[in-house]
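The values are calculated or read from the model by the stated rules, or taken from the named source; none is laboratory data. Quick caveat: nothing in here was measured; it's all calculated off a predicted structure. Every residue, glycine as well, gets a Cβ built from its backbone with ideal geometry; the counts of neighbours run over all protein chains shown. Surface accessibility is based on the protein's heavy atoms, side chains included, excluding ligands, DNA and RNA. Shrake-Rupley method; radii C 1.70, N 1.55, O 1.52, S 1.80 Å.
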2 protein chains.
Amino acid sequence: MQQYNARGVHGQTVEVLAQRILDGRMPEGSTLDLTALQSEFDVSLTVLREALRVLAAKGMVDARPKRGTFVRPRANWSLLDADVLRWQFARSPHRPGLFDDLHELRAIVEPGAASLAAARATDTDIEALDAALADMAAAGDDPSAAVAADLAFHRALLAATHNELIQRMEVVIETGLAERDRMVHGTAGADDPVPSHKAVVDAIRRHNPAQAARAMGKLLDQAIEDVARLERTQHEDRQD
Amino acid sequence: MQQYNARGVHGQTVEVLAQRILDGRMPEGSTLDLTALQSEFDVSLTVLREALRVLAAKGMVDARPKRGTFVRPRANWSLLDADVLRWQFARSPHRPGLFDDLHELRAIVEPGAASLAAARATDTDIEALDAALADMAAAGDDPSAAVAADLAFHRALLAATHNELIQRMEVVIETGLAERDRMVHGTAGADDPVPSHKAVVDAIRRHNPAQAARAMGKLLDQAIEDVARLERTQHEDRQD
DNA sequence: CTGTCAACATATCTTCGTAATTAATGAAGA
DNA sequence: TCTTCATTAATTACGAAGATATGTTGACAG
C-alpha cells in the first residue's frame, strides 16, 4: 500500500516531520528551523532537504529564499495521498472524525463505482469479483486472509469501472479497510461478509446499475454498523 | 491550483520528466539513465535527484542501489494528485478519455457531496453559496469571472459537507473546470449557468439531501452536454 | 550432475561540506 | 510618496566521498 518506500534514514525523517505537521505540533504557517532539525535528527542538510522535498510534493511545506521553509495552509495538503493518509493513522491519537470522513467518502464513491461497474464490467472483471468472493468465503476465521479478500474485492470493483481515476480512489478504500482491520483486530463477532458482497456481484452480473449501487450502499452501512457496535463494546470494557 | 511551486530550474526538470512518464515516452518499468538526463538538462546530480524525489513522492519512480532508478507501474501513480492531473493536461495530446474519466468521477462525488451538504450546511456555508451564485450572475459574459464564480461555487459546496477528505476532491473538480474552460475558450452559446446552480442551493437551503443530489446531477449532465455539443461544432468546423 | 546457500565484488544510489544564487528588507535618492 | 539599490539571510546547486542492496561466483550438499 505505501507508495513512498524511502530507504535509509530518510524514511524516518520524512515520516516524523510529516506527523509533526499532520497532528499540529508544527502549526500551519510556522517556519521550520532547518539547523535545529539537522542537529536533532543528526543528518546533513541534503537529507533534510530531500525529506522536505517529499513533503513539498504533497503540498505540506514550501521553501523560499530569505523567508525560510514553512508549513503550508492545511487546505493545500494532499490528504487523499496514500502516504499522508497512512502517516495520519500511524500515530495513535489521530484526528477525531478522520475515520468517519474516510467512511463518508467511501459511502459516496463506492456505490457510484458499483453502478458504473454494473454498466461496464466485462466477463474478466466479474471473474475477478467472483474469485475475491470465493477467497472471502474460504478465509473463514483467518483475519488476514479475510482482509486480503475484502481488499481484493473492492479493488476488483473499482477496476470494473474501467475508469482510471476512480480506480485510484483505492487509496482511500485501502486505508479505510486497513484502519477498520486494526480496530477490530482479533475481536470476533462480525457478521458473515459474503452475502452482502455477493449481492453486489449479482447486481453487476445482471448489469443492473441501480441495484448494484443499492447493494453496495447496504454493504457499507453494515460495515460502519459493525465498527460502531465494536466501539460501544470497547467503551463498556473501558468502564471496568 | 498548483501545489508544487518549484522555483529555479527545478520546476522545469520535474515537469518535463513527469510528462515523459505520463505520456508513455518513458514506459513503466524502464530505467532512467541519470547520467544522460544530467547532461541533457545540463544540471547537477543533486538537482536531478530532487526532481526524481518529487516524482517518487507521487509514486511514479523508485530508486534502488544496483538496479537504478525506474518508472513504477502505472497503478502506483497518484493520478488524483493536483500536479499529476495538471501535468497530464499541460501537454496538448493528453490521453483520450482522461476528461471523460474526470467527469465521471465528478458525477459520482458531487451529487453525494451536495447531499451531505444539504444535511449539514450552516448559514455561513449557504451564504458562501449565495455569494458564488451572485458572482456567477454578475459575471455576465466575462469568461474568467464566470469560471472563478463557478469554481467558488463548487468549492463552497464541498466545504459545506464539513468533511475534509471530500473537500480535497476539489483538485479533481478544479482540473475539470479548468480543462472545460480551456476547451470552450471564447466560444459563446453556453446556457445560463445560474438556474441549475441555484436549484442546488435551494435544495441545500431546504436541507433536502435527495433533491440536492438530483439537482447537482442535472447540473453536471448539462455541463457535459455543453462540452459534447461544442465538440460536435468543432468537428463540423474542421470539415471546411 | 543438479540445486541450494553463503561470501564477495561492484554498480548505483545516498550523503556530505562548501560555494553560488535568490529574493525580501531597509535605506538612500528622485 | 515612489523608485532604486545595496545588504543579507536563506534556499539552491555542486562535485566527491561513503554506504548498500543486488547480482555473481564458488563451494557444498543432495
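A compact table of results
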{"quantity": "Residue that is nearest to DNA strand C (Cβ to nearest atom), among those in the range B:46-58 that are at pLDDT below 90 and more than 14 Å from residue A:57 (Cβ to Cβ)", "calculated": "B:46"}
{"quantity": "Members of the range B:92-122 that are over 16 Å from the mean Cα position of the chain (by Cα) and over 23 Å from residue B:214 (Cβ atoms)", "calculated": "B:93"}
{"quantity": "Answer residue from the range A:184-235, given it is modelled with pLDDT of 95 or more and part of a loop (DSSP other than H, G, I, E, B) and is surrounded by the most Cβ atoms within 10 Å (Cβ to Cβ) among those", "calculated": "A:208"}
{"quantity": "Matching residues, the range B:14-39, being more than 22 Å from residue B:96 (Cα to Cα), among the aliphatic types (A, V, I, L, M) and within 15 Å of DNA strand C (Cβ to nearest atom)", "calculated": "B:32, B:34, B:36, B:37"}
{"quantity": "Those helices (runs of 4 or more DSSP H) lying entirely in the range B:34-113 with at least 1 residues of a type in the set (D, E, K, R) and more than 9 Å from chain A (Cβ to nearest Cβ)", "calculated": "B:34-41, B:82-90"}
{"quantity": "Search result, residues across the range B:194-226 that are of a type in the set (D, E, K, R) and more than 14 Å from residue B:153 (Cα to Cα)", "calculated": "B:205, B:206, B:214, B:218, B:221, B:225, B:226"}
{"quantity": "Looking only at the range B:59-90, and only at residues there that are within 15 Å of DNA strand C (Cβ to nearest atom) and among the basic types (Lys, Arg), the one that is surrounded by the fewest Cβ atoms within 10 Å (Cβ to Cβ)", "calculated": "B:66"}
{"quantity": "Sole exception among (1) within 20 Å of residue B:111 (Cβ to Cβ); (2) touching a residue at least 12 places away in the same chain (Cβ under 8 Å) for residue A:135, by number", "calculated": "(1)"}
{"quantity": "Any hit, the range B:146-163, residues being touching a Leu at 6+ places or on another chain (Cβ under 6 Å), polar (S, T, N, Q), touching a residue at least 24 places away in the same chain (Cβ under 8 Å) and crowded, with 21+ Cβ neighbours inside 10 Å", "calculated": "yes"}
{"quantity": "Cβ-Cβ under 6 Å pairs, at least 6 apart or on other chains, the range B:87-112 side at pLDDT below 90, far side part of a helix (DSSP H, G or I)", "calculated": "B:91/B:19; B:94/B:88"}
{"quantity": "Test: residue B:137 is open to solvent by 20 Å² or more (accessible area, probe 1.4 Å) and farther than 22 Å from residue A:156 by Cα", "calculated": "yes"}
{"quantity": "Flag for residue B:42 being loosely packed, with under 15 Cβ neighbours inside 10 Å and away from DNA strand C (no atom under 11 Å from the Cβ)", "calculated": "yes"}
{"quantity": "Given (1) open to solvent by less than 20 Å² (accessible area, probe 1.4 Å); (2) more than 30 Å from residue A:90 (Cα to Cα); (3) in contact (Cβ under 8 Å) with a residue 60 or more places away in the chain, index of the condition residue A:179 fails", "calculated": "(2)"}
